[in-house]
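To start, the structure under review is shown below, and the notes come after it.
Values quoted throughout were computed directly from the atomic coordinates according to the rules given, and no laboratory measurement underlies them. On a predicted model such as this, the values are computed, not experimentally measured, just so you know. Cβ placement follows ideal geometry from the backbone for every residue including glycine, while neighbour counts extend to all protein chains displayed.
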Amino acid sequence: MSTEIKAPSFPESVAEGTVAAWHKQPGDSVERDELIVEIETDKVVLEVVAPSAGVLSEIKVQEGDTCDSEQVLGLLGVAEEASAGVAEAVVAAEHESSAEQSRATANQAAVEGGARHEVKAPSFPESVAEGTVSTWHKKPGEQVARDELLVDIETDKVVLEVVAPADGTISEIKASEGDQVASEQVLAIFTEGAAGGASEVSVKAAPSEAQSEEEGASKLGSKWLSPAARPLVAEHNLDVEKISGSGRNGVILKEDVQKALKAGNATTSAATSAPAAAPAAASSAELPQGERPEQRVPMSRLRQTIAKRLVNAQQTAAMLTTYNEVDMSAVMGLRSQYRDVFQKKHDIKLGFMGFFVKACTEALKRFPDVNASIDGTDIVYHGYQDIGVAVSTPRGLVVPVIRDTDTLKLADVEKQIADFGKRGRDGKLGIEDMTGGTFTITNGGIFGSMLSTPILNPPQTAILGMHNIQQRPVAVDGEVVIRPMMYLALSYDHRMIDGKDAVQFLVAIKELLEDPARFLLDV
């Protein structure tokens with residue numbers, strides 16, 4: 001008798017999903033609650049596990065096909081229905097794997113003393129399918145204290161840290177930098193106790209070029225770079241000769257590049273910019289005369305996710321943008337007048353973003369359609385304002401969310417924004433910081449942008465773009481005066497928001513910023 005394998009019940013805001021990956025094929029033996037298939041939606045990746053032990057007998061929805069909530073994806077037969085050949089092969093493979101693991105464990109235990117632990121990847125959230133080993137902070141045989149950072153795991157949203165389970169040493173690394181790992185996959189073997197037996201632990205000598213390439217490191221000039229460090233070096237055009245590597249055998253790690261960026265002592269002059277852009281496998285001196293150098297690096301998981309969501313937003317929403325400009329004289333006057341007092345009382349600088357968050361909060365109350373989202377053929381109105389603030393990090397653009405902005409004071413908003421910026425740069429933002437949100441603000445002005453068309457952040461229906469403040473001549477009461485002006489851009493989903501409401505919403509923000517007293521008077 002066959003058991004149906006069904007897609008999960010999708011949340012109300014998810015219309016359909018896509019079969020991302022089958023982890024089992026017809027004829028494969030499956031244990032109860034073992035992962036069979038992953039369903040990718042526009043928000044999360046959902047895992048489907050086996051309802052019982054058996055054998056996957058049929059796949060009804062192939063990888064890449066779309067599926068509905070609770071749709072039958074495949075059939076699971078009882079173990080007895082599998083062919084004898086398949087069953088024997090599975091059992092033989094399991095026995096061989098178990099025996100090999102036992103032998104490895106026995107051999108390692110003979111070399112080392114103390115209790116042994118498996119260092120595993122964290123349990124990823126349901127929206128994260130897998131991660132990449134970014135940086136190993138400790139080498140095999142190196143003494144480690146309990147709760148000391150061992151390795152960073154980079155997912156498409158956040159960087160997760162794995163710490164030591166006890167005092168001891170790493171005996172063996174099973175997942176090298178750049179490797180893909182699943183939730184709770186074994187990353188290394190850890191042995192408790194002092195490092196007295198460290199000399200007995202097998203630590204590799206200085207690698208040859210072939211060995212380093214096999215482990216994922218590549219040579220640039222006279223330096224070896226880890227896979228996680230290469231994109232940062234290329235992006236910021238750094239001189240690797242000025243960077244000290246803390247990895248095994250002097251390999252430059254991601255954290256080494258970040259330290260060099262912070263110190264500012266590895267920048268490359270115009271005369272040496274060409275070598276930095278050369279392929280990682282060779283220095284510029286090795287390039288043929290006249291050849292134009294190129295470098296190919298893998299796109300990070302975060303960048304892949306950003307690209308997918310932005311393209312999806314343009315393909316699925318009826319996106320339109322309206323523009324206006326705001327005189328920032330009043331806001332800048334308040335900042336100048338109260339900057340020192342504000343910082344002394346609240347221990348935070350008074351910036352521009354807090355004013356925009358409070359202005360948008362008030363405008364969202366007046367125009368609930370802009371604060372709503374579309375779920376299939378339904379409109380979801382939110383009785384609260386959760387505003388996402390786009391933050392640029394070394395890994396890419398992320399949008400952490402400030403919750404219940406209508407209940408926060410200006411100082412509270414500024415503190416949260418500063419905290420998001422710091423944690424974003426340090427890779428400490430969590431999944432919970434970036435989920436949800438009813439509206440988004442992005443500030444291209446800090447990079448010098450004069451005007452842009454921001455892209456929606458689904459399932460939200462609107463996003464506000466801030467830009468650079470410039471002194472421009474404007475007409476005031478029949479006279480031409482010079483004022484600090486900023487262009488504002490509101491992109492919105494025309495399926496949900498009419499042009500009239502979008503324009504009036506943007507005018508409301510303009511009026512609130514040009515006369516901040518409206519915040520207090522609620523007018």
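Suppose the chain between T322 and V481 were pulled fully straight at 0.36 nm per residue; how much longer would it get relative to their current alpha carbon spacing?
Extra length available between T322 and V481 comes to 54.7 nm.
So what is Rg over Rh here for the range 310-467, counting just Cα atoms and using Kirkwood for Rh?
0.96
Which order do the peptides 333-339, 477-483, 18-24, 47-53 come out in when sorted by mean C-beta neighbours inside 10 angstrom, highest first?
Going from most to least packed, we get 18-24, 47-53, 333-339, 477-483.
Two decimals, Cα atoms only, Kirkwood Rh: what is Rg/Rh over the range 388-523?
We get a ratio of 0.99 for the range 388-523.
Tell me the label-point distance for the pair Q314, L451, using the 7 Å Cα-to-Cβ offset, in nm and rounded to one decimal.
My value for the distance between the label points is 1.9 nm.
Once fully extended, how much extra length lies between K259 and R403, figured as 0.36 nm per residue of separation less the alpha-carbon to alpha-carbon distance?
48.6 nm
Grab the beta carbon distance between D498 and E241, set R0 = 51 Å, and tell me the FRET efficiency rounded to 0.05.
Efficiency, rounded to the nearest 0.05: 0.30.
R0 = 22 Å: FRET efficiency of A20 with I431, Cβ-based, nearest 0.05?
0.75
Residues in the range 435-470, backbone N under 13 Å from the label point at I379 (7 Å along the Cα-to-beta-carbon vector): list them, ranges by number please.
461, by backbone N distance to the label point.
Roughly how large, in nm² to one decimal, is the mean projection of the convex hull of the alpha-carbon atoms in the range 336-402?
With the hull built on Cα positions only, its mean projection is 7.0 nm².
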